[in-house]
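The structure under discussion appears below in the form of structure tokens.
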Amino acid sequence: METVDTSKRLSQLRDLMKEHKVDVYIVPSEDSHQSEYIAPCDARREHISGFSGSAGTAVITLEKAALATDGRYFNQASKQLDSNWQLLKQGLEDVPTWQEWTTEQAEGGKTVGVDPAVITAADARKLTKSLKQSNAKLVGVDENLVDKIWKDRPARPTEKVIVLSDEYAGKDFKEKLTELRKELDKKKTAGMVISMLDEVAWLFNVRGSDIPYNPVFFSYAAVTHDSATLYVESSKLDDKVYEHLHGAVQIKPYDALFSDLSLISQAASQGVEQNAADATSKKRSKILVSNKASWALSLGLGGEDKVEEVRSPVADAKAIKNPTELEGMRQCHIRDGAALIEFFAWLEDQLIAKEAVIDEVQAADKLEAIRAKGKHFKGLSFDTISSTGPNAAVIHYKPEPGNCSTINPKAVYLCDSGAQYLDGTTDTTRTLHFGQPTEMEIKSYTLVLKGVIALDRAVFPKGTTGFAIDILARQALWREGLDYRHGTGHGVGSFLNVHEGPIGVGTRAAYSEVSLSIGNVLSDEPGYYEDGNFGIRIENMIMAKEATTNHKFGDKPWLAFEHVTMVPMCQKLIDASLLSREEKEWLNAYHQEVWDNTHKYFKDDLTLNWLKRETARIE
């Protein structure tokens, strides 16, 4: 992880800030669609700060610069930021949020600027309210100032869009449109503008590859009670896509959305009787937008009076997988598990028996090559975290060719990886040791494993949120005064984004707003990290299902989880004396499942022997 000298970039940006009469300028991580992972052309925050993590906000004044990020990236940011930057470690006591820091810097009636396309309307409102305390104001700067100083900015992707057949999608897109229109009726709104890329892809059963690892494409959609429009460059579409959408969806150029927004809003207003003054009629003239929609999108529709800002009904529907998607998740995780088993057996043999020298990138490349042989493989779902020893303590570590470590067989090795398949998306973390682990490494691993098992075995009533059950995964660690600075679980898409809202397990306030439902797919991934020493994380994918219980208190359905990840735990790192009888039973049953589902993929003794050893019973 190299440090980039940002002095020249900051100087150029500050010159532009003076031209635009802006005293403070905000550079978020996200693109115009609020994507977590972005195309290279939208990596503005990385360009100006030198920090390459996926989450964070840069704030630049005429004299100072600060980068705010969360606990996953404290270690990485401290290494990548140069002396021009102050690191704001979000979530730590007495550390201001980026909004608070911005407000402090704007005291005395200063002007804060931001590209309205890359900040949500909700964040803009919140910041405007905060700035009033300092007699300051927020303004939208329509041209992105970082783009103007980014001389070698990559071009916008022009990748082709593909159709995802009902064989994998499980539901015709016209049926999805009908269900969305029912939601518009319920909310008494005239239509919806959809800006999240994965929501557009899911709604129309199409996929793309404009953003690395995410099968999405640059687009918007507008849906009313009697029309559907997809805003996408026609050069991305072939005859199959046109045939797929024919008769149900109008195609318009990507950039036409913003010129159409006022027309969409006007049409909605005209649809309401002129003499209707009641609140319901007023609401019927509004356009639904996601609470993650950009400030620019809201302004284009006429502002707060013209929009109904809600958690997206498309996101809610997408998070509840249909039976076809759930079966796809089961099947792709078996194939993916087999690839990981083959890789781990190979890696151990290379490091121990052959005493080969293998670095973190070479290992990640080998794993990708093994995965690529599998049925329905469409690429990775994120950068593989292949990390040895101290690097495993960097939660979102990314090894770079020529700038990574050689795997040390006497240290912990953490591999967090995933793939995209036509029938699903995977995300699996395993921590291994090829030598003799320390007592603390064994204890930490076992405590983390206890957390994985506790969440996997949870039974809870309908209406329970991921916020409420997060404690289950942390309890064993907490008893030892240990913890981890990341969420316990995130939603996962079906051949879509590996991180998918609105559900998850963790301490984020958002996870207390949406209850878990049958059909949700999410990760189960507690961990423990000692900076400069080692890191432990275990991650399984789990799916919410109806539980079988002896009683039905309150006549409510009860929920439980089904795990689909099929990769053994590391026997060498388990202290069986720390496991209860129930935990041992779970582990033995899990390992039997892994064996039953994956052993048929292997003909060689090397992999089979490794799998037999790692799935052996624990007494």
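Values quoted throughout were computed directly from the atomic coordinates according to the rules given, and no laboratory measurement underlies them. Note that the coordinates shown come from a computational prediction; the quantities given were computed from them, not determined experimentally. Note: ideal-geometry Cβ built from the backbone for every residue, glycine included; neighbour counts use all protein chains shown.
Some observations on this one:
- 0 to 90° range, to nearest 10: angle between helix 173-186 axis and the chain longest Cα axis: 60
- Rounded if a/c under 1.5, otherwise prolate or oblate - the range 1-160, Cα gyration tensor axes: rounded
- As a proxy for reagent exposure, ranking I162, I618 by other Cβ atoms within 10 Å from fewest up yields I618, I162.
- Cα convex hull, the chain: 169 Å³ per residue, rounded to a whole number.
- For the range 324-338, backbone phi angles converted through the Karplus equation (6.51, -1.76, 1.60; θ = phi - 60°) give residue-by-residue couplings of 5, 5, 5, 5, x, 4, 4, 5, 5, 6, 5, 5, 5, x, 4 Hz, Gly and Pro being listed as x.
- For q = 0.10 Å⁻¹, Debye-computed log10 I/I(0) when each Cα of the range 323-614 counts as one equal scatterer: -0.50
- For the range 157-287, dividing the convex hull volume of the Cα atoms by the residue count gives 102 Å³ per residue.
- Cut-off 18 Å (backbone N to label point 7 Å along Cα→Cβ of E582), residues of the range 463-494: 469-479
- Under a 5 Å amide H cut-off, with hydrogens placed 1.01 Å from N, L380 pairs with Q420 among residues at least 5 apart or on other chains.
- Dipole magnitude of the chain about its Cα centre (Cβ charges: Lys, Arg +1; Asp, Glu -1), debye to nearest 20: 900
- Helix 439-456 and the longest principal axis of the C-alpha atoms of the chain enclose an angle of approximately 60°.
- Low-density loop positions, GluC sites (Glu not before Pro), the range 1-35 - DSSP coil, at most 11 other Cβ in 10 Å: E2
- The trypsin sites (Lys or Arg not before Pro) found in the range 588-619 that occupy coil by DSSP, while having at most 11 further C-beta atoms within 10 Å, are K603, R617.
- The chain: calculated mean residue ellipticity at 222 nm from DSSP helix runs of at least 4, using -39500 (n - 2.57): -10500 deg cm²/dmol
- For the range 31-68, the list of GluC sites (Glu not before Pro) that fall in a loop by DSSP and count at most 10 other C-beta atoms within 10 angstrom reads E63.
- Highest to lowest packing among 121-132, 333-344, scored as the average C-beta count within 10 Å: 333-344, 121-132
- Gain on full stretching of the segment that runs from K21 to A510 - 0.36 nm per residue minus C-alpha separation: 172.5 nm
- Of the beta bridges in the chain, as assigned by DSSP with both residues counted there, near 75 percent are antiparallel.
- Taking the range 17-32 and a reference point 7 angstrom along Cα→Cβ of K148, the backbone N atoms nearer than 15 Å belong to 17-27.
- Gain on full extension, evaluated as 0.36 nm per residue between K375 and K556 minus their Cα-Cα distance, stands at 61.2 nm.
- Residue order, fewest to most beta carbons within 10 Å, for D260, D152: D152, D260
- Pairs beyond 32 Å (Cα-Cα), from K545/K603; K171/K236; K148/K240; K182/K378; K89/K126; K176/K252: K545/K603; K148/K240; K182/K378
- For the range 292-308, 3J(HN,Hα) per residue [Karplus equation, 6.51 cos²θ - 1.76 cosθ + 1.60, θ = phi - 60°, Hz, x = Gly/Pro]: 9, 5, 6, 4, 4, 5, 5, 5, x, 8, x, x, 4, 5, 9, 10, 10
- Principal-axis analysis of the Cα atoms of the chain puts helix 466-478 at an angle of about 40° to the longest axis.
- Taking every DSSP beta bridge that has both ends in the range 1-119, the antiparallel portion is near 60%.
- C-alpha center-to-center spacing [the range 521-583, the range 195-214] in angstrom: 30
- HN-Hα J in Hz across the range 432-438 - Karplus 6.51, -1.76, 1.60, θ = phi - 60°, x for Gly and Pro: 10, 9, 9, x, 10, x, 6
- Inter-centroid distance (Cα atoms) of the range 412-427 relative to the range 24-81, Å: 25
- Part-to-part distance (alpha-carbon centres) for the range 450-509 and the range 393-411, which is given in Å: 27
- Residues D575 and T97, FRET efficiency given R0 of 45 Å [Cβ-Cβ distance, rounded to 0.05]: 0.70
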